[in-house]
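Before we start, here is the structure in question, set down as structure tokens.
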Amino acid sequence: MKSSLETRLGVFFALVVIAAFIIFELLGGASLFRRGQEFRAQFNTVKDLKVGDPVKLAGVQVGRVKSVGIQGNRVEITLQVDPNIAVHTDSVASVQFTGLMGQNFVALTFGSENAPRASSGALLQSREQADLADLMTRLDSVAGGVESLTKSFSGEEISKLLGPLTDFIKQNQSNISGTLANLNSMTSDMSGGRGTFGKLIKDPTLYNEAVIAVTNIGGAMADAKPLADDARAMVADLRKMVGNMEKGEGTLGRLVTDPSLFDEASGAMTNFKEILQKINQGKGSVGELVNDNSFLRNIRLTLQKVDKATESLEDTGPLSVLGTAVGTLF
């Protein structure tokens with residue numbers, strides 16, 4: 001009897017231990033006994049985040065919140081993450097919730113593959129998410145604005161809005177009627193093809209003239225095509241000529257590219273310069289003619305003698321001139 005009781009108590013105790021372990025595992029307490037990498041993150045608010053709340057990477061649970069505390073003027077949480085999960089230095093942590101009444105959790109991003117892995121105890125980057133209370137406050141303000149807008153469309157508000165417009169229409173009813181009548185007359189004339197606008201709308205002359213003008217422009221462009229072809233051919237010939245000149249072909253090409261003409265011209269200019277210098281210095285026949293004044297005096301004297309001789313010949317007759325010439329010759 002005693003052994004049976006002890007057996008029952010042992011089985012009951014074993015079942016209690018197994019149930020406690022299962023509950024402890026479901027609540028995340030078993031993770032406290034597993035070694036993992038720890039990271040820190042700081043937020044302005046954690047939105048009722050508690051110890052044991054899940055840590056998810058791309059929606060997959062990879063750890064749990066180990067601690068929540070105040071660090072200065074911010075809230076610092078410690079995350080315990082599975083050691084097999086790669087958390088990079090540029091991974092970002094944010095506190096999110098699964099629904100309006102759901103559980104809060106910490107969401108991690110993968111980060112870039114090229115970034116190094118964060119060491120255990122590192123402070124991760126954090127991103128603040130919109131608080132549910134702030135969202136509800138904003139929704140409440142939006143609802144209040146919509147309600148005010150709907151009230152403005154009530155009968156009393158519409159009457160206040162349209163009242164001045166109604167009074168204006170009543171005061172200017174005759175002017176408005178006359179304006180409408182004039183508009184009706186104008187539209188009737190336009191529809192009947194009367195007046196400038198009516199002719200523009202109804203008369204096809206403008207359209208026909210526009211078509212003719214476009215046709216003439218097309219013909220002119222067709223006539224100008226040979227000229228354009230000739231111009232292209234002329235440009236091609238000029239390009240060919242310039243190319244031949246650059247290659248040194250032909251007379252112009254040789255003049256442009258052959259340096260001998262330049263050398264000869266330079267030599268000729270040098271020689272001409274030397275000749276001018278000699279003339280200025282009075283060297284040579286031309287230099288003496290230019291610089292010696294005696295030659296000029298001799299020319300003047302000779303001209304004076306010739307002048308006197310011609311005067312004496314004018315005084316004597318033709319026979320005397322002939323005799324003098326004959327005597328000179330014989």
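First measure r as the distance between the Cβ atoms of Lys240 and Asp263, then evaluate 1/(1 + (r/R0)^6) with R0 = 22 Å and state the FRET efficiency to the nearest 0.05.
On the way: r = 29 Å, r/R0 = 1.31.
Approximately 0.15, to the nearest 0.05.
Using a simple spin-label model with points 7 Å from Cα along the Cα→Cβ vector, what separation in nm is obtained for Lys199 and Asp140?
With each label point 7 Å from Cα toward Cβ, the separation is 7.3 nm.
Whole-Hz Karplus ³J(HN,Hα) for segment 117-124, in order, using 6.51 cos²θ - 1.76 cosθ + 1.60 and θ = phi - 60°, x for Gly and Pro?
The phi angles translate into 6, 6, 7, 4, x, 6, 8, 7 Hz.
Still on this structure, please answer the following. Could you state the number of Å between the C-alpha centres of segment 116-130 and segment 174-249?
69 Å
Between Ile22 and Thr45, what's the calculated FRET efficiency when r is the beta-carbon distance and R0 is 30 Å? Round to 0.05.
For R0 = 30 Å, the calculated efficiency reads 0.35.
Continuing with the same structure: Run the simple label-point estimate for Phe13 and Thr251 please: 7 Å along Cα→C-beta, distance reported in nm.
13.1 nm
Still on this structure, please answer the following. For segment 204-257, just say rounded, prolate or oblate: build the C-alpha gyration tensor, square-root its eigenvalues into a ≥ b ≥ c, call rounded for a/c under 1.5, and beyond that prolate if a/b exceeds b/c, oblate if not.
Taking the square roots of the gyration eigenvalues as a ≥ b ≥ c, segment 204-257 is prolate.
Only the coordinates and a few stated rules stand behind these numbers; no lab work does. Everything numeric here is computed off the predicted structure, so don't read it as measured data. Reconstructed Cβ throughout: ideal geometry from the backbone, glycine too, with neighbour counts over all protein chains shown.
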